[in-house]
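Okay, so here's the structure we're looking at.
The numbers here are math on the coordinates, done by the rules we state, and not lab data. Remember, it's a predicted structure, so these values are computed and weren't measured experimentally. When we count neighbours, we look across all protein chains shown, and the Cβ atoms used for this are built from the backbone with ideal geometry, even at glycine.
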Amino acid sequence: MRARLIVGMVLALLLAGALPASARMMGAGGGAGGDMMGSGMHGAAPATGCSSMTGGPSAFGYDGPWISFALTHATVLDLTPDQVNSLTTLRDEFRKEAIRLGSEIRAAEAEVRRLYAQQPLDLQALESRVRAAAGIEADLELARVKTLVKGKALLTPEQQQKAGALARSMGWARGASMMGGPGR
């Protein structure tokens, strides 16, 4: 009985509490049609325990659709055509990877639900599948962060400062900026 309760709690955390990186990357609407790298369906910060990743959105920080933001404000940021093309390519490549990994996550979660419903419960198989699903979510989170780092590297320090200032002026960036300026 106690093992079933523990498994139930693990399953609930996996299915309800775990926020796949793809949800944050794709924006509030989720899916491939939303903004890339948004705050997520639930608005949750990453569950990494890393204080630099949980302070809320910051200019090209870990939360927020920063590449889409830069592309939307390309004129204000004085982005060159090459920068726009490179940022667009980064966003599109990430979307493809997010769709692929998101599909793997959904399949793993379906398998977890199937295993949980079996009688008798195979705790070892369930644990293995839960850990596999978490590993795929970690891969997705790392792909998202790597994409943000690459996007930031495409901008000059001045453009990075402009992006941070513009986002803060719009009430969009709360945390300290990875680009150097303080947050609110």
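Points to keep in mind about this one:
- Overall, the anisotropy analysis places segment 108-153 in the prolate class: the square-rooted eigenvalues a ≥ b ≥ c of its C-alpha gyration tensor yield a/c not less than 1.5, with a/b exceeding b/c.
- With a Förster radius of 35 Å applied to the beta-carbon distance between L121 and A153, the computed FRET efficiency rounds to 0.15.
- For segment 65-184: rounded, prolate or oblate by the Cα gyration tensor [a/c cutoff 1.5]: prolate
- Maximal additional length on extending the D82-A134 stretch stands at 15.1 nm, based on 0.36 nm per residue less the C-alpha distance.
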